1. Quick one, could you list the DSSP H helices from the chain stretching 20 Å or more along their long axis (Cα atoms) with average Kyte-Doolittle hydropathy of 0.0 or above?
2. Putting +1 on Lys and Arg Cβ atoms and -1 on Asp and Glu Cβ atoms, find which of ILE196, TYR249, ASN282 reaches farthest to the positive end of the dipole of the chain.
3. Expected output is a single nm value to one decimal: the length gained when fully extending between ARG69 and TYR185, i.e. 0.36 nm times separation in residues minus the C-alpha distance. What is it?
4. Could you let me know the centre-to-centre spacing of region 204-254 and region 123-138, using Cα atoms, in angstrom?
5. Hey, any idea what the orientation-averaged projected area of the convex hull of the chain's Cα atoms comes to, in nm²?
6. Ignoring GluC sites (Glu not before Pro) that are buried or in helix or strand per DSSP, and keeping those with at most 16 other beta carbon atoms within 10 Å, what is the longest stretch of the chain between them?
7. Given R₀ = 25 Å, FRET efficiency for SER25-LEU224 by Cβ-Cβ distance, to 0.05?
8. I need the trypsin sites (Lys or Arg not before Pro) found in region 173-217, filtered to DSSP loop residues with at most 12 other beta carbons within 10 Å of theirs.
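Rule-based calculations on the coordinates, nothing more; no lab input. For clarity, every value in this text was computed on a predicted model and none was experimentally measured. Glycine also receives a Cβ, built like all others from the backbone with ideal geometry; neighbour counts cover every protein chain displayed.
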Amino acid sequence: MKIKDILSKKKPTLSFEVFPPKKDSDYTKVEEATIEIAGLHPAFMSVTYGAGGGTSKHTVEIAANLMNRCGVTPLAHLTCASSTKEEVAMQLTRLKEKGIENILALRGDRVLGKEMISGAEYQYASELVKVIKKTGDFCIGAACYPEGHVEAANRKEDILHLKEKVDCGCDFLTTQMFFDNSILYNYLFHLREAGIHIPVIAGIMPVTNSKQIKRICDLSGTVLPQRFKAIVEKFGDDQASMEQAGIAYATDQIIDLYANGVNAVHVYSMNKPEVAKKIYQNVSNMICQ
């Protein structure tokens, strides 16, 4: 099923993200976690794509398994910055052969130490969106950043680049994680003002380990509200308490989003079935099955 059709129902949905193993020897463990999360019957599940395509074979494999074995709609990530155009074409062929209909088109991070081959690689996600659109009947998603992309000079520039991706054929957007819902609500206003009217899925990260915080902030430039900082300061040194508090905070965000008309929520569950289950249980009566 295409994600744009799921979103068109305009009812509260919950979806989860999983990532492939870096080592082949860890595949079984990841597969088991993925199947367990799929057992919650989420609206869909996304499968990430490693830098340089290092886990790309597993991306397709896991996505196909979700669809064929678990009956869950998969969303396969595809990054282009660290892959040649030929590699991207091969990946699109594999996805098409497996019957996977949904792709999240991302520029991604370049692999450290790898030199770009002029003309052989894509510079921007908008270029990738165009190619996917021409390649097959895919439903295409793209990333957006409520607090602005770390490389953008300002919000206006960031939204202009986002509009380019949308005009190239995106069907929906998924946000980077955020911890203050008011930031998202303000961002959605600016998107509509810029003429971007496709569905926006809110990305929520349950922080269950205080060590995640620095990496999150470094990668995304995410602002941590004082309320969240207080939770980390109070419970960060106690793993069990931090997990419970992190799940409660994420749940509170999700409930507020649903209450304010943001129907689609995507949880960055970090391959943790126990976290996905607790989030699901907390909002199960609110979502469309």
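1. Membrane-span-like by this rule: 239-259.
2. Projecting each Cα onto the dipole axis, the largest value belongs to ILE196.
3. 38.0 nm
4. Each part reduced to its Cα centre gives a spacing of 35 Å.
5. Over all viewing directions, the chain projects a mean Cα-hull area of 14.7 nm².
6. Values: sites that count: GLU115, GLU151.
Maximal segment without exposed cleavage sites: 152-289.
7. It comes to 0.10.
8. Passing both the DSSP loop test and the Cβ count: LYS211.
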